[in-house]
1. Does VAL105 satisfy the criteria of being surrounded by fewer than 15 Cβ atoms within 10 Å (Cβ to Cβ), β-branched (Val, Ile, Thr) and touching a Gly at 6+ places or on another chain (Cβ under 7 Å)?
2. Go through the stretch 152-175 residue by residue and tally those that are open to solvent by less than 40 Å² (accessible area, probe 1.4 Å) and out of contact with any strand residue (DSSP E or B) (no Cβ under 6 Å at 6 or more places or on another chain).
3. Regarding SER123, is this residue within 19 Å of LEU96 (Cα to Cα) and of a type outside the set (Asp, Glu)?
4. Which one of the conditions (1) under 22 Å from the mean Cα position of the chain (by Cα); (2) modelled with pLDDT under 90 does GLU83 fail to meet, given that it meets all the rest?
5. Output yes when any residue across the stretch 184-194 is assigned to a loop (DSSP other than H, G, I, E, B), in contact with a helix residue (DSSP H, G or I) (Cβ under 6 Å, 6 or more places away or on another chain) and closer than 27 Å to ILE76 by Cβ, and no when none is.
6. What are the residue pairs meeting all of these: first residue in the stretch 124-151, first residue outside any loop (DSSP other than H, G, I, E, B), second residue buried (at least 19 other Cβ atoms within 10 Å of the Cβ) and among the acidic types (Asp, Glu), Cβ atoms under 6 Å, and 6 or more apart or on different chains?
7. Answer with yes or no whether ASP166 is charged (D, E, K, R) and outside any strand (DSSP E or B).
8. Would you check which residues across the stretch 68-99 are within 28 Å of LEU152 (Cα to Cα) and surrounded by 15 or more Cβ atoms within 10 Å (Cβ to Cβ) and list them?
Amino acid sequence: MKKWLTLLIIALLSAFLVACGSDDKDQNDNADEQPDSSEVENDNNEEDADADTEEDADTDADADSDDTATGGELNIDPNGKNEVQLQTVQNGVTMLITYYADGDVVTEQTADNEIPYSSLGVSGEEEAKQMLAQVEEQYTGKSGIEHKLEYLDDKVVETVHVNFNDIVFEEVQDLLGFQSEGDVSNGVSLTRSVEMLQAQGFEIVE
């Protein structure tokens, strides 16, 4: 039981390396399946009047929801450099993910995690080192990835830097904390990666 709990904690608290592949191919396939434009236009004309009425009724509700929304919105320059940070606190662990991208294509990613010893269920540095030894071993020698654990008085600080131009995805498939979705051979999508993290409770830091 203790071993199972240890592995579970490591899997939950290790750095999040998130890769969401570009879905350009899917978009092209969907384009081929689009209905005739004249049919769409006729349908749209019939719906415009109802839509206008609904939009007016929803205006006040939208304004109220904007006032109570948490986290920022994703605004990227499709032709320029982008930097997006997302953060969450789970089980006392603070996780900060930063993406650097050219347009929507992620080029670099950093992860900064602050993990209190209490969240690991250990009393101090030595026990934490024993528990997280597997994490350090997993990241050793992986192309394009720099991983570091710094043990402080009451917590361990984990930092990960990923260069997607140098990374070999076949090498990281079994890494603790690695998550992928879609085909990453065409590049890592900033938009989809952010959406994936937001679904896990992360919020954009403005």
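1. yes
2. Selection size over the stretch 152-175: 3.
3. Taking the combined requirement at face value, the residue does not satisfy it.
4. (2)
5. Within the stretch 184-194, not a single residue is assigned to a loop (DSSP other than H, G, I, E, B), in contact with a helix residue (DSSP H, G or I) (Cβ under 6 Å, 6 or more places away or on another chain) and closer than 27 Å to ILE76 by Cβ.
6. From residues that are outside any loop (DSSP other than H, G, I, E, B), the pairs are LEU149/GLU158.
7. For ASP166, the condition - charged (D, E, K, R) and outside any strand (DSSP E or B) - is met.
8. VAL84, GLN85, LEU86, GLN87, THR88, VAL93, THR94, MET95, LEU96, ILE97, THR98, TYR99
The values are calculated or read from the model by the stated rules, or taken from the named source; none is laboratory data. The model shown is predicted, which means the values in this text are computed figures rather than measured ones. When we count neighbours, we look across all protein chains shown, and the Cβ atoms used for this are built from the backbone with ideal geometry, even at glycine. Surface areas here come from the heavy atoms of the whole protein model, side chains and all, with no ligands, DNA or RNA. Shrake-Rupley method; radii C 1.70, N 1.55, O 1.52, S 1.80 Å.
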